[in-house]
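Notes to accompany the following structure.
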Amino acid sequence: MTESRKAATAARMYDYYLGGSHNFPADREAADYVIERYPFIPEAARANRAFVVNAVRHLSESGIRQFLDIGSGIPTVDNVHAIARQIHPETRVAYVDIDPVAVAESLDILDGDDLAVAVRGDVQQPQAVLDHPEVRRLLDFGRPIGVILAAVLHFVPEHRAAEEAVGTLVGSVVPGSRFIMSHSATESFELFTAAEDVYQRRTSTPGTVRTRAEVERLFTGLELLEPGVVWAQEWRPGVAVEKVESPRLGGIWAGVGSKP
């Protein structure tokens, strides 16, 4: 087993939170450490996944035919291309992740799919992602793109760097493009030391949390679609319909923006 398989990664820990099988003992050990201190984590992860599914379906129904999913993890159940192609069978999807094992497994899953690709890339180096030959080959940057930044910007600790990364992506797509974003909430993780410590010590992607106002700032340059930035469990196109029993346990802020 390679060293990359021995070390925990954020992508495979997330897969474990979702109940997936694409993870290793180090991932499960690290994830269990976080869950012990924040028992709502698996529910928040499932809520985040449901948000992405709802948002992708909404964008597809709105006419988006191509997606750039940065921080994609492993596209297994409820993956972007499967959801989008229920509406438009020719939808193209470029998956990007920093974890080489996640990319390798994604390529195995996508083998034979000419309309989807997985490449290695870092959200903190967005121009390199945009310039990747496979991304450029697959996606038409002269047409609207659905950019997905789901549960990835909380691995960019410096807020200015996160804003700059989003700004670069916003500046590189045409009007009508949409941004699906979600982020761990300061309001839920008031004592973040346990989760922060495990990501810093055991993975290459140290994490952070942000307030609702800080997440809203990440949508600078975009028009927020209704219902705005809300708990992932609440997000529905146009209206918030489901209330979280305890806001502190929501876990994830979520929203969708459109480039004017």
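Values computed for the structure shown
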quantity	calculated
When residues of the stretch 99-119 are limited to those that are charged (D, E, K, R) and surrounded by 15 or more Cβ atoms within 10 Å (Cβ to Cβ), the one farthest from Leu218 (Cα to Cα)	Glu105
Residue satisfying condition, being surrounded by fewer than 19 Cβ atoms within 10 Å (Cβ to Cβ) and within 13 Å of the chain's Cα centre (by Cα), within set Val53, Val96	Val53
Odd one out for Ile83, checked against (1) at pLDDT 95 or above; (2) outside any helix (DSSP H, G or I); (3) not acidic (Asp, Glu)	(2)
Whichever residue in the stretch 165-185 is among the polar types (S, T, N, Q) and in a loop (DSSP other than H, G, I, E, B) and, among such residues, is nearest to Pro227 (Cα to Cα)	Ser177
Residue ID - farthest from Val152 (Cα to Cα), chosen from residues in the stretch 15-28 that are part of a helix (DSSP H, G or I) and in contact (Cβ under 8 Å) with a residue 40 or more places away in the chain	Ala26
Flag if Pro260 is modelled with pLDDT of 95 or more and surrounded by fewer than 19 Cβ atoms within 10 Å (Cβ to Cβ)	yes
Residue under evaluation Ala102, criteria (1) under 25 Å from His183 (Cα atoms); (2) at pLDDT 95 or above, criterion not met	(2)
In the stretch 35-80, the residues that are part of a loop (DSSP other than H, G, I, E, B) and small (Gly, Ala, Ser)	Ser62, Gly63, Gly71, Ser72, Gly73
Matching residues in the stretch 22-72 - criterion: being in contact with a strand residue (DSSP E or B) (Cβ under 9 Å, 6 or more places away or on another chain), within 23 Å of Val230 (Cα to Cα) and of a type in the set (D, E, K, R)	Arg49, Asp69
Evaluation of Ala162 against (1) within 21 Å of Thr208 (Cα to Cα); (2) in a helix (DSSP H, G or I); (3) of a type in the set (A, V, I, L, M, F, W, C); (4) touching a Gly at 6+ places or on another chain (Cβ under 9 Å) (one fails), failing number	(4)
Members of the stretch 34-64 found to be of a type in the set (Phe, Trp, Tyr) and modelled with pLDDT of 85 or more, listed by number	Phe51
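Matching residues to (1) out of contact with any Ser or Thr (no Cβ under 9 Å at 6 or more places or on another chain); (2) buried (at least 17 other Cβ atoms within 10 Å of the Cβ); (3) not β-branched (Val, Ile, Thr):
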{"residue": "Thr9", "(1), (2), (3)": "no, yes, no"}
{"residue": "Met13", "(1), (2), (3)": "no, yes, yes"}
{"residue": "Gly20", "(1), (2), (3)": "no, no, yes"}
{"residue": "Glu29", "(1), (2), (3)": "yes, no, yes"}
{"residue": "Asp32", "(1), (2), (3)": "yes, no, yes"}
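For every residue, the table says whether it meets (1) assigned to a loop (DSSP other than H, G, I, E, B); (2) modelled with pLDDT under 90; (3) more than 24 Å from Ile70 (Cβ to Cβ); (4) in contact with a His (Cβ under 6 Å, 6 or more places away or on another chain).
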{"site": "Glu187", "(1), (2), (3), (4)": "yes, yes, yes, no"}
{"site": "Leu191", "(1), (2), (3), (4)": "yes, yes, yes, no"}
{"site": "Val198", "(1), (2), (3), (4)": "no, yes, no, no"}
{"site": "Arg201", "(1), (2), (3), (4)": "no, yes, yes, no"}
{"site": "Glu214", "(1), (2), (3), (4)": "no, no, no, no"}
{"site": "Phe219", "(1), (2), (3), (4)": "yes, no, no, no"}
{"site": "Pro227", "(1), (2), (3), (4)": "yes, no, no, no"}
{"site": "Val239", "(1), (2), (3), (4)": "yes, yes, yes, no"}
{"site": "Lys243", "(1), (2), (3), (4)": "yes, yes, yes, no"}
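The values are calculated or read from the model by the stated rules, or taken from the named source; none is laboratory data. Everything numeric here is computed off the predicted structure, so don't read it as measured data. Don't worry about glycine lacking a Cβ; one is built from the backbone with ideal geometry, like all the others, and counts go over all protein chains shown.
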